[in-house]
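Trainee: The structure is given below, and queries will be raised subsequently.
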Amino acid sequence: MSTNRILVTGGAGFIGGNFIQYMVEKYPNYDIYNLDLLTYAGDLTKHQAIEALENYHFLQADIADRETIFSVFKKYNFDFVIHFAAESHVDRSITDPGIFVKTNVVGTQVLLDAAKEYGLKKFVHVSTDEVYGDLEFDPTTFFTEDTPLMPNSPYSASKASSDLLVRAYHETFNLPVNITRCSNNYGPYHFPEKLIPLTISRVLSDETVPVYGDGKNIRDWLHVLDHCSAIDLVMHEGVNGEVYNIGGHNERTNLEVVKTIIGTLGKPEELIEYVTDRLGHDKRYAIDPTKLEELGWKPTYTFETGIAQTIQWYLDNTEWWEKVISGEYQEYFENQYSK
């Protein structure tokens, strides 16, 4: 008998997909529902190994589709919602901000309304450290949960807006919530438009690697499985209404990350190609995760062990990322679920 029904939105994406696999394996008595619209970054091939399990279920839906979302909540009577679903690529948000507002703001509001209507034990909203803006290159300064929200891109502005909606539904309607804000994730199944998988795939193909500006922008890197364990803890033990920052204590410049990958793969640094800097490019992100650590969480991956393991995963799974780059992965849903 299942003890909990968990709705995971965006479970065909990178972090949500890893979280689903983590939860399905760790909690065989939980029913895990993967709700995803399957946009360009939605990939179900990563879940082939768990498709036949009784506690895994896939639902295709748009979180901004109110009628469908309400019918799903009514039918399945969820205990928890873990809300990953979001447009998340900063460059795409600069090109087309509107889709980010629809998915990240309106979609979140629809989910909150459904949760308020049908009730649940907790709504966990997965956000980003980018809502805080950026930091100077001072290694003694960090984002805390009390840092004011000062987003600098349409993406981070849409995430900050959804964070405030979640907070408002807790304060106004007493909806049980937690908000988590993570640093940059990396690990298996990362979509190849992001820095680490893009670099790995291009270096393996002996193609140039684009680096914005001078490459000195700093990010705090968090292994996706450390992120999954943190969300698991917040879901079960997080204090109602609280925000928790999730960071990896692994600050690196973008250039350092690229050079690490190139060096590990034994390729020349001449593959690095400096390109015009991104509009509104934040200088530095760094998280103080003390509050979450006091709840009982610690990251298990150093950047050195995590990046080596990630590079090896891409070497061992070239077929997966080659299909993603070519677009073939999108045929999987049609073949598997449209029969």
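Trainee: Only one of 45, 95 is free of Cβ contacts under 8 Å to residues at least 60 places away in the same chain and of a type in the set (S, T, N, Q). Can you tell me which?
Mentor: It is 95.
Trainee: Moving to a separate point now. What single numbered condition from (1) touching an Asp or Glu at 6+ places or on another chain (Cβ under 6 Å); (2) open to solvent by 50 Å² or more (accessible area, probe 1.4 Å) fails to hold for residue 299?
Mentor: Unmet for residue 299, out of (1) touching an Asp or Glu at 6+ places or on another chain (Cβ under 6 Å); (2) open to solvent by 50 Å² or more (accessible area, probe 1.4 Å): (2).
Trainee: Moving on. Run down 231, 262, 272 and say which single residue is under 22 Å from residue 128 (Cβ atoms) and modelled with pLDDT of 95 or more.
Mentor: Matching residue, one of 231, 262, 272: 231.
Trainee: Picking from 248, 263, 215, 187, which residue would you name as being open to solvent by 10 Å² or more (accessible area, probe 1.4 Å) and among the small types (Gly, Ala, Ser)?
Mentor: 263
Trainee: Could you tell me whether the range 215-231 includes any residue that is of a type in the set (S, T, N, Q) and under 23 Å from residue 199 (Cβ atoms)?
Mentor: Within the range 215-231, one or more residues are of a type in the set (S, T, N, Q) and under 23 Å from residue 199 (Cβ atoms).
Trainee: Are there any pairs with C-beta distances below 7 angstrom linking a residue in the range 228-249 that is over 14 Å from residue 163 (Cβ atoms) to a residue that is among the aromatic types (Phe, Trp, Tyr) and assigned to a strand (DSSP E or B), with the two at least 6 apart or on different chains, and if so which?
Mentor: Final answer for the pair search is 234/244; 235/80; 238/244; 248/221.
Trainee: Within the range 230-245, restricting attention to residues that are surrounded by 18 or more Cβ atoms within 10 Å (Cβ to Cβ) and not acidic (Asp, Glu), which residue is farthest from residue 147 (Cα to Cα)?
Mentor: 235
Trainee: If I ask for residues that are touching a Gly at 6+ places or on another chain (Cβ under 6 Å) and acidic (Asp, Glu), which ones from the range 266-287 would you list?
Mentor: 277
Trainee: Moving to a separate point now. Go through the range 143-169 and give me each residue that's assigned to a helix (DSSP H, G or I) and open to solvent by less than 30 Å² (accessible area, probe 1.4 Å).
Mentor: 155, 156, 158, 159, 160, 162, 163, 166, 169, listed by residue number.
Trainee: Would a scan of the range 43-57 turn up a residue that is more than 21 Å from residue 166 (Cα to Cα), within 18 Å of the chain's Cα centre (by Cα), hydrophobic (A, V, I, L, M, F, W, C) and buried (at least 16 other Cβ atoms within 10 Å of the Cβ)?
Mentor: yes
Trainee: Say whether the condition of being among the hydrophobic types (A, V, I, L, M, F, W, C) and touching a Leu at 6+ places or on another chain (Cβ under 6 Å) is met by at least one residue in the range 183-198.
Mentor: Scanning the range 183-198, I find no residue that is among the hydrophobic types (A, V, I, L, M, F, W, C) and touching a Leu at 6+ places or on another chain (Cβ under 6 Å), so the answer is no.
Trainee: Would you please name the residue that is modelled with the lowest pLDDT, looking only at residues in the range 170-201 that are out of contact with any helix residue (DSSP H, G or I) (no Cβ under 6 Å at 6 or more places or on another chain) and part of a loop (DSSP other than H, G, I, E, B)?
Mentor: 193
Trainee: Moving on to the next point. Do we have any residue at all in the range 90-110 that's surrounded by fewer than 19 Cβ atoms within 10 Å (Cβ to Cβ), more than 17 Å from residue 13 (Cα to Cα), modelled with pLDDT of 95 or more and among the hydroxyl-bearing types (Ser, Thr, Tyr)?
Mentor: Checked the range 90-110: no residue is surrounded by fewer than 19 Cβ atoms within 10 Å (Cβ to Cβ), more than 17 Å from residue 13 (Cα to Cα), modelled with pLDDT of 95 or more and among the hydroxyl-bearing types (Ser, Thr, Tyr).
Trainee: Of the residues that sit in the range 292-330 and are β-branched (Val, Ile, Thr) and not in a helix (DSSP H, G or I), which one is farthest from residue 196 (Cα to Cα)?
Mentor: Checking each candidate, the answer is 300.
The values are calculated or read from the model by the stated rules, or taken from the named source; none is laboratory data. For clarity, every value in this text was computed on a predicted model and none was experimentally measured. No Cβ is skipped: glycine too gets one built from the backbone with ideal geometry, and neighbour counts run over all protein chains shown. All accessible areas refer to the heavy atoms of the entire protein, side chains included, with ligands and DNA or RNA removed. Shrake-Rupley method; radii C 1.70, N 1.55, O 1.52, S 1.80 Å.
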